[in-house]
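Down below is the structure, laid out as structure tokens.
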Amino acid sequence: MPPMIDPTLFDQIKSKIEEDTAVRKELEQIVDELHQHVSFTQGLLSKIHSTPRSKYPTLLPQVEEGIKSQVATVAKLSAYASQFPYYKYNHKWTRPLQDSLSTVLLYSWLSSPSHPLLTPTSISTFYSIPLNLTTTEDKFHLTTEEYLLALISIIDDLSRLAMNSVTLGDTALAVEISTFIKDLHAGFQVLNLKNDILRKRVDSIKYAVKKVEDVVYDLSLRGLIPAAAAGATGEEEKKKE
Amino acid sequence: MSGFKRDWNGNAKKREGPKPPPKKAVVQNQFTPMFETLRDELDQHHDRRERIIKASRDITALSKKIIFALQRIRKIDEELPKNIQAEVDTRLADISKLLATIAPEIQGINRYRYARSLMCLEELVEALTFLHYLKTQTLITPEQLSPIMDELVRKGVTPSEDVAMTDVNEAAAPIPERSEEKEIPRVDLTQDDYLYGVFDLTGEMMRFATTSTALTGTMAGGGAEGDEQPRTIVEDMHELGSFFEMLPVGSGNKFQWEKKLEVTRQSVQKVERLGYDRTIRGSERPKGWIPDLGGGDQPEEE
């Protein structure tokens, strides 16, 4: 009579579990490293709330350094994680990766007066990480959700900056932020959302919009909107009508 | 007081004529095309997930029905009772079809992406391991399960092959299908599918041991008549219990693992209690009497 349990089965399963544990440990180390770089960069970026735009040229290069370290760590993570099924361990790094993306998005937005928004494609190029793999290729990549969640983070940050920029006397920036956030808000309304984390975060955008609108309202009430920005927003309004 | 809007500079905006039709909810701007692309990607994902969840729910229900059918068996035997075998076959055929519909959606990267929507596989493993145990009194290995899964998907993808035996007109059909066979997607079981399925198997074995002992008066197992020291289900349960106790806890889902392990411990103890009862007073016990073990079925006759 054959035994109940195949004698080789135990060792086979045991070694697989041990392997899995080892992979998780290794991933945790890399993710920790990423987390540290991200926190540092986020900390630097938080200075925008007290730094006038004229001082950006000294602040932003520092941010860029932090971002470089992040990109290097993401590359390390990508090389290691690509050996394993992506979605098996994806939950380990998705949060810090989103935070990393949002520092890059915010940096890019602040770095030029035209306030460019990095698209998923351009951010994927920036990290040299593929984007949204849905076919058979099972490798490390950036997902649509991660990009969108990162975008929502910078909306929150910018709505705070709108207020603080007024305090710093830069009312034009508040108006620029308002235009940007409103456009993004409209963009998010294009999405069909399910009852998930993305839906929850998208729902929060309206509070950011309201916050910035209140700031702009306060400014307009007191005639504090700079002429150039007023012209721009005025046109904006006309276009919509 | 209200009744007209002001622009950002506080000047009243005049409205001419009747109220304009409500604006379209979605404003077009420079980001719209990007968001439309992202929407399509998200939609694809959500739709696929929905399809998987629907099939998964049905597969779970069918697997449970197989398990219920198997619980009507009273002894371990290579040959299942005819009516039960027939029921198992029908259910498996239904599962085949469902698996075939979702198999292409869970290839490669998507296998783990939708792992949480595929809880049905755990249930299916439970049914298949239980079926295997009742036939052979052994625990099926992942290597033995994998061809069974392949076969299930294959049958679902090419159902006409079974029909061909009865339908002469279809006789020519299998030949072109043969060439397609290479492309039949596989449904891979993950280690977790297997292990959690086997965890649940211990519960089914406990239920089976309880009912079969109560109704037949003998402990299930033992193989052929000629065996000197037939192995009973009590020993099998002990072996499974030790198997799980000795395995390292996977760091992925400690909480679930501990919970399942605790349930397994209880099942093992219920069955060993059965073994004790039968040893000590097996012959005195009237047939049909069931020890109160909580998980037992109702006796068939009073």
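Name the residue that is nearest to A:ILE152 (Cα to Cα), counting only residues in segment A:214-227 that are assigned to a helix (DSSP H, G or I) and within 10 Å of chain B (Cβ to nearest Cβ).
Just the residues of segment A:214-227 that are assigned to a helix (DSSP H, G or I), to begin with: A:214-221, A:227.
Subset that is within 10 Å of chain B (Cβ to nearest Cβ): A:216-217, A:219-221.
Values: A:VAL216: 20, A:TYR217: 23, A:LEU219: 25, A:SER220: 26, A:LEU221: 28 Å.
Of everything passing the filter in segment A:214-227, A:VAL216 is nearest to A:ILE152 (Cα to Cα).
Counting only residues that are of a type in the set (S, T, N, Q) and touching a residue at least 12 places away in the same chain (Cβ under 8 Å), give me the helices (runs of 4 or more DSSP H) lying completely in segment A:114-202 with at least 2 of them. Break it down into steps so the answer makes sense when it comes.
Values: elements: A:120-127, A:144-167, A:171-188.
Because the criterion is at least 2 residues that are of a type in the set (S, T, N, Q) and touching a residue at least 12 places away in the same chain (Cβ under 8 Å), the helices (runs of 4 or more DSSP H) in segment A:114-202 that meet it are A:144-167, A:171-188.
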Long-range neighbours under 9 Å by Cβ, at least six apart or interchain, first residue in contact (Cβ under 8 Å) with a residue 12 or more places away in the chain within segment A:49-62, second of a type in the set (Gly, Ala, Ser): A:HIS49/A:SER165; A:PRO52/A:SER165; A:PRO52/A:GLY169; A:ARG53/A:SER165; A:ARG53/A:ALA172; A:TYR56/A:SER111; A:LEU60/A:SER111
Checklist (1) more than 9 Å from chain B (Cβ to nearest Cβ); (2) surrounded by fewer than 16 Cβ atoms within 10 Å (Cβ to Cβ) applied to A:GLU176, failing item: (2)
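Select from segment B:133-146 the residues that are in a helix (DSSP H, G or I) and either at the interface with chain A (Cβ under 9 Å from one of its Cβ atoms) or closer than 19 Å to B:ASP188 by Cα (or both) and list them in ascending order.
Result: B:TYR133, B:THR136, B:PRO142, B:GLU143, B:GLN144, B:LEU145, B:SER146.
Determine, yes or no, whether A:ASN132 is on the phi > 0 side of the Ramachandran plot and not β-branched (Val, Ile, Thr). If you could, list the steps in order and put the result at the bottom.
On the way: on the phi > 0 side of the Ramachandran plot: yes; not β-branched (Val, Ile, Thr): yes.
Judged against the criteria, A:ASN132 is a match.
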Filter result for B:ALA69 (surrounded by fewer than 16 Cβ atoms within 10 Å (Cβ to Cβ), among the small types (Gly, Ala, Ser) and out of contact with any strand residue (DSSP E or B) (no Cβ under 6 Å at 6 or more places or on another chain)): no
Test: residue in segment A:59-82 that is in a helix (DSSP H, G or I), within 14 Å of chain B (Cβ to nearest Cβ) and surrounded by 15 or more Cβ atoms within 10 Å (Cβ to Cβ): yes
Of residues in segment B:72-95 being part of a helix (DSSP H, G or I) and among the aliphatic types (A, V, I, L, M), the one surrounded by the fewest Cβ atoms within 10 Å (Cβ to Cβ): B:ALA86
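Condition check ((1) without any contact (Cβ under 8 Å) to a residue 60 or more places away in the chain; (2) in a helix (DSSP H, G or I)) across all residues:
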| site | (1), (2) |
| --- | --- |
| A:PRO3 | yes, no |
| A:PHE10 | yes, yes |
| A:ILE13 | yes, yes |
| A:LYS16 | yes, yes |
| A:GLU19 | yes, yes |
| A:GLU26 | yes, yes |
| A:VAL31 | no, yes |
| A:HIS35 | no, yes |
| A:PHE40 | yes, yes |
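Being in contact with a Ser or Thr (Cβ under 9 Å, 6 or more places away or on another chain) and at pLDDT 95 or above: is that true of B:LEU189 here?
Working: in contact with a Ser or Thr (Cβ under 9 Å, 6 or more places away or on another chain): yes; at pLDDT 95 or above: no.
When the stated conditions are applied, B:LEU189 does not pass them.
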Residue match in segment A:85-108 (condition: touching a residue at least 24 places away in the same chain (Cβ under 8 Å), within 11 Å of chain B (Cβ to nearest Cβ) and hydroxyl-bearing (Ser, Thr, Tyr)): yes
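The values are calculated or read from the model by the stated rules, or taken from the named source; none is laboratory data. Just so it is clear, the structure is predicted and the values come from calculations on it, not from any experiment. Positions of Cβ are generated from backbone atoms using ideal geometry, with glycine treated the same way; all protein chains shown enter the neighbour counts.
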